[in-house]
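The values are calculated or read from the model by the stated rules, or taken from the named source; none is laboratory data. Worth saying up front: this structure is predicted, and the values here are computed from it rather than measured. Ideal geometry is used to build each Cβ from the backbone, glycine not excepted, and the neighbour counts take in all protein chains shown.
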């Protein structure tokens, strides 16, 4: 049952996120109440759907390529001062990073 739920959520998550982004862009007032605790719950659901797609093979791959993990953990560090001193630019960088991740996820299918 958990596997079926995982397959369903992972198969539809990208489409749902893209449609939500399009609707949010054209009708931002529909999502004005999404802030604070509601935003935290929504992010938790998104992270859950991402986590449900992990397989033992994914962890094996991570164990075989520790340098990639090091790069992923160290890469955000140089941007910390920019976030502190120039928040608008940092937000643009984060949005760009989110778009790159979304495209990578879609192309991975």
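Listed values, structure above:
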read-out	value
Test: residue in the stretch 27-42 that is under 22 Å from residue 7 (Cβ atoms), at pLDDT 70 or above and assigned to a helix (DSSP H, G or I)	yes
Residue that is modelled with the highest pLDDT, among those in the stretch 1-26 that are surrounded by 12 or more Cβ atoms within 10 Å (Cβ to Cβ) and farther than 23 Å from residue 54 by Cα	23
Odd one out for residue 54 among (1) assigned to a helix (DSSP H, G or I); (2) at pLDDT 80 or above	(1)
